[in-house]
Structures are given as structure tokens and as C-alpha cells.
1. Is there a residue in region 61-75 that is surrounded by 13 or more Cβ atoms within 10 Å (Cβ to Cβ), of a type in the set (Asp, Glu), free of Cβ contacts under 8 Å to residues at least 24 places away in the same chain and outside any helix (DSSP H, G or I)?
2. Could you list, in sequence order, all residues of region 1-40 that are part of a loop (DSSP other than H, G, I, E, B), at pLDDT 95 or above and either hydroxyl-bearing (Ser, Thr, Tyr) or loosely packed, with under 12 Cβ neighbours inside 10 Å (or both)?
3. Give me the residue from region 51-60 that is in contact with a strand residue (DSSP E or B) (Cβ under 8 Å, 6 or more places away or on another chain) and not in a strand (DSSP E or B) and, out of that set, farthest from LEU18 (Cα to Cα).
4. If only one of THR78, THR45, THR56, THR72 is modelled with pLDDT of 95 or more, in contact with a Pro (Cβ under 9 Å, 6 or more places away or on another chain) and hydroxyl-bearing (Ser, Thr, Tyr), which one is it?
5. Give region 38-84 a look and list any residue that's of a type outside the set (S, T, N, Q) and on the phi > 0 side of the Ramachandran plot, or say none.
6. Would you mention how many residues in region 42-59 are surrounded by 12 or more Cβ atoms within 10 Å (Cβ to Cβ), out of contact with any Lys or Arg (no Cβ under 6 Å at 6 or more places or on another chain) and under 19 Å from TYR15 (Cα atoms)?
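The values are calculated or read from the model by the stated rules, or taken from the named source; none is laboratory data. Predicted model only: the values in this text are computed from it and were never measured. For neighbour counting, all protein chains shown are included, and Cβ atoms are generated from backbone atoms with ideal geometry for every residue, glycine included.
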Amino acid sequence: MSSLFLSMACAEPKYFYLQYIARARQNGTTLLQYSCPRCQKVIETPAAPSGDVWDTMATCPHCNGLYLKVVTDTTVETYIPPEE
């Protein structure tokens, strides 16, 4: 594979993440900040509605690392899944 293709493939998730966060911010969505548990870079995510808890497997837009994300209306907790 060409290095240009690999650069584009790696950059694409970050591009979509930045678009998503920009739309959320523009719509007035409450955003929470947290650090990626793998690379420690700051990530933003929408807050869950009060009383709700959202959990999902997520991929860091900076390092492409996989982790579990648990979001409430005020907090974000992250967990790295065990290696197989």
C-alpha cells in the first residue's frame, strides 16, 4: 500500500470525529472532555441525558486505540479491554 493511502486511512476517523464534534457544538449539545486511556490525548463526547448511562466500544480519533467508554451527564469513564 502506498504511504499516501495509509495516511488518508488513518486521518479519516479523525476528520469524521472533528466534523461530528463541530456539529454537536453548533447544535448546543453539552460536550464532556476526557483523555484517551491509550494515548492520553483529549477527546470530546456528547453528554448523556440526565439519569442515562451510555456505554460503547470507542476508537480514539488520535491513535485509533480501542476502549470501552461509559458516559453520564457529567462524567466519562474509560476502560481498556483485556488482550486475547
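1. Checking region 61-75: not a single residue is surrounded by 13 or more Cβ atoms within 10 Å (Cβ to Cβ), of a type in the set (Asp, Glu), free of Cβ contacts under 8 Å to residues at least 24 places away in the same chain and outside any helix (DSSP H, G or I).
2. Going through region 1-40, the residues part of a loop (DSSP other than H, G, I, E, B) turn out to be 1-2, 27-30, 36-40.
Cutting the leftovers down to at pLDDT 95 or above gives us 27-30, 36-40.
Correct list: ASN27, GLY28, THR29, THR30, GLN40.
3. Among them, the one singled out is VAL53.
4. On the way: THR45 fails: in contact with a Pro (Cβ under 9 Å, 6 or more places away or on another chain); THR56 fails: in contact with a Pro (Cβ under 9 Å, 6 or more places away or on another chain); THR72 fails: in contact with a Pro (Cβ under 9 Å, 6 or more places away or on another chain).
The unique qualifying residue is THR78.
5. Kept after step one, since they are of a type outside the set (S, T, N, Q), are these residues of region 38-84: 38-39, 41-44, 46-49, 51-55, 57-58, 60-63, 65-71, 73, 76-77, 79-84.
If the condition is that a residue be of a type outside the set (S, T, N, Q) and on the phi > 0 side of the Ramachandran plot, then GLY51 is the only one that fits.
6. 5
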